[in-house]
Amino acid sequence: MDRVEVVGFSEHPATEDELVAAVRDFDIVVTLRERVPFPASVLDRLPRLKLLVASGMRNSVIDFASARANGVTVCGTGSSPTPPVELTWALLLGLARGIAPESAAMRSGGPWQSTVGADLHGRRLGLLGLGKIGSRVAQVGLAFGMDVVAWSQNLTAARAEKQGVQLADSKDELLSTSDFVSVHLVLGDRTRGLVGPSELALMRPSSYLVNTSRAAIVDQDALLAALHAGRIAGAGLDVFDIEPLPLDHPVRTAPRLLATPHLGYVSRANYRTYYGDAVENIEAFLTGSPVRRLG
């Protein structure tokens, strides 16, 4: 694309002012999923911006009304649900078998084999959400010989049965009976704070929670309190209330926590799709026929 000069940014803008200063002279901006918000307070200060491309086809941090008002076309890209499924299981297996502490002990000369792993076969996997990602997580759980149950506000017994899993009687029943709980819901008004202090209190001291979906679905402060008190066995997180996490953030030092820096969709195949589609979006926009429009 010789009509476009490409400039890359490797540092995350810490403030809106930094973001505006970085991109105010660009006509086209490509942003990675929801890592950089574009609210009205930013879009109103980017009079030159004409095209905003975000990877994926869903984005909660772009103000689409403001984009339209400012004459900015917003486009998305294709995205595979497979990488977050795989990361979910990386976190779940890492928690179950104590991979992080055992590996650290091996490297530091610490105790040899100091943990006793949690079994998967015959244990209950509870899924909050059974959509594109949750249903794939369910299939892996079934392959491990787990008893898989699922719940969401709109999930029916017929849809659950189609995936070979059982519909939990309620969210509370799922949380109180599952050995492993994994979150796969879309963030919205009904799911924000869905797992709070009272819900975490229902979980067993031997159970684990994994969240690779959206941070705001699980009350982060309540989860940290549960981890510090040992009220659950552990948690695996790939999403956080603040990203990137400040160096002094309490998540960084929480016990019983296996955390990754929002790697869910970060895979070679997905990046080929993201940036390949971004190039197509730019070419289509420059010819006057935008594709994959959002908002």
Going through segment 217-244 in order, the residues found to be modelled with pLDDT of 95 or more, out of contact with any Ser or Thr (no Cβ under 8 Å at 6 or more places or on another chain) and either in a loop (DSSP other than H, G, I, E, B) or over 29 Å from Val116 (Cα atoms) (or both) are Asp219, Gly230, Arg231, Phe240
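Okay, residues lined up against (1) out of contact with any Phe, Trp or Tyr (no Cβ under 6 Å at 6 or more places or on another chain); (2) assigned to a helix (DSSP H, G or I); (3) of a type in the set (Val, Ile, Thr); (4) surrounded by fewer than 20 Cβ atoms within 10 Å (Cβ to Cβ):
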| site | (1), (2), (3), (4) |
| --- | --- |
| Val7 | yes, no, yes, yes |
| Glu11 | yes, no, no, yes |
| Pro47 | yes, no, no, yes |
| Met57 | yes, no, no, yes |
| Thr77 | no, no, yes, no |
| Ala90 | yes, yes, no, yes |
| Leu95 | no, yes, no, no |
| Pro101 | yes, yes, no, yes |
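Among the residues of segment 245-262, write down those that are out of contact with any Asp or Glu (no Cβ under 7 Å at 6 or more places or on another chain), part of a loop (DSSP other than H, G, I, E, B) and touching a residue at least 12 places away in the same chain (Cβ under 8 Å). Let's see the steps before the verdict.
The initial filter retains those residues of segment 245-262 that are out of contact with any Asp or Glu (no Cβ under 7 Å at 6 or more places or on another chain), namely 245-259, 261.
Restricting the remaining residues to those that are part of a loop (DSSP other than H, G, I, E, B) gives 245-249, 254-256, 261.
Listed by number, the residues that qualify are Leu245, Ala254, Pro255, Arg256, Pro261.
Take the residues in segment 150-195 that are assigned to a helix (DSSP H, G or I) and touching a residue at least 40 places away in the same chain (Cβ under 8 Å); name whichever of them is surrounded by the most Cβ atoms within 10 Å (Cβ to Cβ).
Keep residues of segment 150-195 that are assigned to a helix (DSSP H, G or I), which gives 157-162, 171-177.
Of the ones still in play, those that are also touching a residue at least 40 places away in the same chain (Cβ under 8 Å) are 171, 174-175, 177.
Numbers: Lys171: 17, Leu174: 25, Leu175: 23, Thr177: 18.
Restricting to residues being assigned to a helix (DSSP H, G or I) and touching a residue at least 40 places away in the same chain (Cβ under 8 Å), the top hit is Leu174.
Let's see how each residue does on (1) in contact with a helix residue (DSSP H, G or I) (Cβ under 9 Å, 6 or more places away or on another chain); (2) modelled with pLDDT under 95; (3) assigned by TED's automatic domain parsing to the domain that holds Val186:
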| position | (1), (2), (3) |
| --- | --- |
| Arg58 | no, yes, no |
| Ser66 | yes, no, no |
| Ala69 | yes, no, no |
| Val72 | yes, no, no |
| Ala104 | no, no, yes |
| Leu127 | yes, no, yes |
| Leu130 | yes, no, yes |
| Ala157 | no, no, yes |
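The values are calculated or read from the model by the stated rules, or taken from the named source; none is laboratory data. A quick note: this is a predicted structure, and the numbers were derived from the prediction, not measured. Note: ideal-geometry Cβ built from the backbone for every residue, glycine included; neighbour counts use all protein chains shown.
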